[in-house]
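S.K.: My questions will all concern the structure given below.
The values are calculated or read from the model by the stated rules, or taken from the named source; none is laboratory data. Since this is a predicted model, take the numbers as computed values, not measurements. Note that we place each Cβ from the backbone using ideal geometry, even for glycine, and neighbour counts take in every protein chain shown. Calculation scope for accessible area: heavy atoms of the full protein, side chains included, ligands and nucleic acids excluded. Shrake-Rupley method; radii C 1.70, N 1.55, O 1.52, S 1.80 Å.
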Amino acid sequence: MKTGKLVVLGSINADHILNINHFPQPGETVIGKQYTLAFGGKGANQAVAAGRSGADISFIACVGDDDIGERVRKQLASDHIDTQSIEAIKDSTTGVALIFVNAEGENVIGIDAGANKAVTPEYLDRYKQQVIGASALLMQLESPLETVIAAAKIAKDNDTQVILNPAPACELPDELLARVDMITPNETEAEKLTGIKVDSNEDAARAAKALHDKGIATVIITLGSKGVWLSQNGEGKLVAGFRVKAVDTIAAGDTFNGALVTALLEGKPMDSAVRFAHAAAAIAVTRPGAQPSVPWRKEIDDFLAQQEA
């Protein structure tokens, strides 16, 4: 991947987080603790991870015409992100995520898109020059699918690398997958895309092959604490992560994605970039919340230095 600018296209949410001992069954009420309001959204989380990791980054997104939207934009700017392509949408609310985190650090999430729905192909068209001039475009699936497809087309026509984190899980058209250079699903998302349940390395290899057959050169299937299955042009292997005590995994995948693309844009070899991203995600899961958990570059470098000492 050529060195240069990163553009993230994605979502911005206000995360309402409640810690509980176990997830409730239908009809069950559970007592929670440590309620917090934090800024999130997969797009924003990945943009923050890239910004704090040292990327030259801009972010195409929308917030509501509300106090939280203004606070989010200021926070993103402080995370070294170019926010010129983030607009406040009149008579709209900033996206919302309602999040339960259990005692094991696992989470379940429900979202209301709010202003994220305004990231339309027409909105993208106002900022398409950012995509044309970038080295890489990083996207997720909390924005309208037609916009994700339109952005991939613009990127592919202008030699901008397309990295897709296909979350939340859904089936995707071949016209999008054929324009993706790198895809980073977790096990659930890989199964949704390929129909192959990923319970082993062999399953991961088969799922990766199915995605290669769609035209995607690099497939990275994230496997939680086990690490990732990295497959490039049909050659796959497990790249283990770092062992840490997880407190909250909510931003693990987003942190991994933002840090990974940053490292690749710096010219790191793929294995080194994955190790860098693993380190960033390992730090993130030891802290509560989404963006509050995302580490800065010095923290990642110090963590890696400690691992190698």
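S.K.: Working only within the stretch 218-235, note down all residues that are open to solvent by 40 Å² or more (accessible area, probe 1.4 Å) and more than 28 Å from Ala103 (Cβ to Cβ). Steps first, answer last, please.
M.R.: Initial filter on the stretch 218-235 (open to solvent by 40 Å² or more (accessible area, probe 1.4 Å)): 224-226, 232-235.
Selection gives Gln232, Asn233, Gly234, Glu235.
S.K.: Identify all residues within the stretch 90-108 that are on the phi < 0 side of the Ramachandran plot, open to solvent by 100 Å² or more (accessible area, probe 1.4 Å) and without any contact (Cβ under 8 Å) to a residue 40 or more places away in the chain; write none if there are none.
M.R.: Within the stretch 90-108, just Lys90 meets the criteria.
S.K.: Next question. Considering Thr36, Thr3, Thr29, which residue is modelled with pLDDT under 95, open to solvent by 40 Å² or more (accessible area, probe 1.4 Å) and outside any strand (DSSP E or B)? Break it down stepwise before answering.
M.R.: Working: Thr36 fails: outside any strand (DSSP E or B); Thr29 fails: modelled with pLDDT under 95.
Every option except Thr3 fails the conditions.
S.K.: Given the structure, is Arg243 surrounded by fewer than 22 Cβ atoms within 10 Å (Cβ to Cβ) and closer than 30 Å to Leu18 by Cα?
M.R.: Working: surrounded by fewer than 22 Cβ atoms within 10 Å (Cβ to Cβ): yes; closer than 30 Å to Leu18 by Cα: yes.
Yes; evaluated as a whole, the condition is true for this residue.
S.K.: With respect to Val63, determine if the residue is surrounded by 23 or more Cβ atoms within 10 Å (Cβ to Cβ), at pLDDT 95 or above and more than 19 Å from Ala280 (Cα to Cα). Let's see the steps before the verdict.
M.R.: Details: surrounded by 23 or more Cβ atoms within 10 Å (Cβ to Cβ): yes; at pLDDT 95 or above: yes; more than 19 Å from Ala280 (Cα to Cα): yes.
Yes, satisfied.
This table checks each residue for (1) at pLDDT 95 or above; (2) farther than 19 Å from Thr160 by Cα; (3) more than 19 Å from the chain's Cα centre (by Cα).
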position: Glu104; (1), (2), (3): no, yes, yes
position: Ile109; (1), (2), (3): no, yes, no
position: Asp112; (1), (2), (3): no, yes, no
position: Ala115; (1), (2), (3): yes, yes, no
position: Tyr127; (1), (2), (3): yes, no, yes
position: Val131; (1), (2), (3): yes, no, no
position: Ser135; (1), (2), (3): yes, no, no
position: Gln140; (1), (2), (3): yes, no, no
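S.K.: Also, quick follow-up: Any residue in the stretch 282-309 that is farther than 21 Å from Val261 by Cβ sitting within a Cβ distance under 9 Å of a residue that is in a helix (DSSP H, G or I) and charged (D, E, K, R)? List the pairs, counting only those 6 or more apart or interchain.
M.R.: That search, which allows pairs on different chains as well, returns Gln307/Arg275.
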